């Protein structure tokens, strides 16, 4: 922990703190302070305070690291195609000399959890908040239970109950004139310290006064009357399918994901179980779960003896006078109105199974070119930094600044884009202009891409992603621009291949500059003239691409099968219609989007 290295990071962390700062984040801090008053959690939000980031001496970092980053608190996880004994020996050789300090830091005391008595209303307002939300929150101390099959089954019952309530809100939100935009029910465990339950609704057009009784009555409807068998069957089917899909995807799981789950199981003091075991446990649990069991689990969670009350929280743009009183009064008034049991919903079979005689494939065309050069070129361009600075150097140079620049390659355009704040606008356009005129094309970008190639083709070979890509190429008449390159072909591309393709357009191609944001054009114009405006003359009009845009859509009606290697018996069916496309047909395109939503 060298002092100069710490100092270099201060700007990076300050930049991160600035980037995550938002109205919603600040409101979240206030809400946590409301439901967890006096808790250490509310005082230690991630990333810390600006004073500490700027001025904390090296000794404080060393002390924290020495007392808390100890072997007794560490777990080393390695997942991959390895020899376990060999890897264990390497870990022991490298880390075996670590020792625990004589006075390690104690586990922090997060503080007592204080529950409200009855309904405690709170209102948070900010004119910049994006939506108006009403939440009913229950909080109580977390009690750890052993990770057994029975505990997981109980957990599943509560998850099902909350899922059904969420579906009810979803349906209500689709009713004409509904006051709710969306709604959900959920629960979570916070740092193995607090257990939270939450009913959340987003109010349409700030109609929170109408939302409060909807929230109260739907919550009470579930507590009093439970759930229907049809509701239960829907959620159980989705749950079971999710577990089944995890089993099917087991052979293609990524090592990083497995390592993350392992780490989580250690933090949660739970059993690490693979998808097959999870499916077996889920089947056993689901077979024994009925609507009454889910009803019981919901009441047990929300109406436990230790629960003395709930937090009723409104987040909105403007806070009317007496808003807390009105909020609580609306909730209490709603409690006096009876709620009926949910109506049973008829389950009908799918009504589209026969459409006449299937068509046949009438033609197929293969075009040889340089497929996936766009993906390759994008990677080596992005990974190569600038002529004068590598990407690592740029990270240091730009620490503390809100600037970015990246290349996107579309069907008919190269786009260099970024985002910034007014104070950094000059640096932003300088960075983008440098990206345009002096890309670095360092080997680092090539190496990173080449390392990823085997994983790309592994997924294409054993997952539906492969045949999906084949289908895309087929839809464009086999045009190589939309095809997957052979692995050897992609691996053979060089930086020079990318440069020869990109450089002419970046150097002389027609260019448009678009800026979107809250700014005064007269104030930013000098920066634009000093950067993009100072470049040599370029093409005055876009290239004529009419012929390049011509592709051969397969004859219709037709049917085509695409296959991939897998032990998983999975198939995907897709029906596709040809349209005129977006270009020059924006009105029709929007109409089709609306039709699709219907």
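Just so it is clear, none of the values below were taken in a lab; they were calculated from the coordinates. These figures come from a predicted structure and were not determined experimentally. Using ideal geometry, Cβ is built from the backbone for each residue, glycine included, and neighbour counts are taken over all protein chains shown.
Quick notes
- Structure-based [θ]222 nm, the chain - -39500 (n - 2.57) summed over DSSP H runs of at least 4, per residue, nearest 500: -15000 deg cm²/dmol
- Calculated FRET efficiency, residue 546 to residue 597, Cβ-Cβ distance, R0 = 25 Å: about 0.20 to the nearest 0.05.
- Extension gain, residue 17 to residue 84: 0.36 nm times the residue separation minus the Cα-Cα distance gives 20.2 nm.
- Between the stretch 92-128 and the stretch 480-509, the Cα center-to-center distance that results, in Å: 50
- Residues of the stretch 104-125 with amide N under 13 Å of a point placed 7 Å along Cα→Cβ from residue 192: 107-108
- Taking the chain and dividing mean pair separation by its residue count, relative contact order in percent (alpha carbons under 8 Å, at least six apart): 15
- With contacts taken as Cα pairs under 8 Å and at least 6 residues apart, the stretch 373-597 reaches a relative contact order of 22 percent.
- Within the stretch 145-172, backbone nitrogen closer than 14 Å to the virtual label 7 Å beyond the Cα of residue 273 toward Cβ: 146-157
- Pairwise Cα distances in the stretch 199-292 exceed 20 Å for 60 percent of all pairs.
- Estimated translational diffusion coefficient (Stokes-Einstein, Kirkwood radius over Cα pairs, 4 °C, 1.567 mPa s) of the stretch 118-335: 68 µm² per second.
- Cα-only radius of gyration and Dmax that characterise the stretch 3-95, units Å: 18.8, 51
- Convex hull (Cα only) mean projected area of the stretch 373-597, reported in nm² to one decimal: 16.6
- Per the Debye formula on identical point scatterers at the alpha carbon atoms of the stretch 64-119, with no solvent, log10 I(q)/I(0) at q = 0.15, 0.19, 0.26 Å⁻¹ is -0.64, -0.81, -1.07.
- Whole-number D in µm² s⁻¹ for the stretch 122-199, Kirkwood Cα-pair radius fed into Stokes-Einstein, 37 °C, 0.692 mPa s: 221
- Working note: Cα gyration tensor of the stretch 518-598, eigenvalues times five, square-rooted, sorted largest first, giving semi-axes of 44, 19, 19 Å.
- When the convex hull of its Cα atoms is projected in every direction, mean area for the stretch 243-331 (nm²): 10.9
- Relative contact order %, the stretch 184-310, counting alpha carbon pairs below 8 Å whose residues are six or more apart: 27
- Spin-label zone in the stretch 51-92 - amide nitrogen under 19 Å from a point set 7 Å from the Cα of residue 262 along the C-beta vector: 71-92
- Compactness ratio for the chain: Cα radius of gyration over 2.2 N^0.38 Å (N = residue count) comes to 1.17.
- For the stretch 1-28 and the stretch 216-277, distance of Cα centres in Å: 35
- When DSSP beta bridges are restricted to pairs lying wholly in the chain, around 80% turn out antiparallel.
- Annotation: Cα Rg of the stretch 420-476 relative to the compact-globule expectation 2.2 N^0.38 Å equals 1.83.
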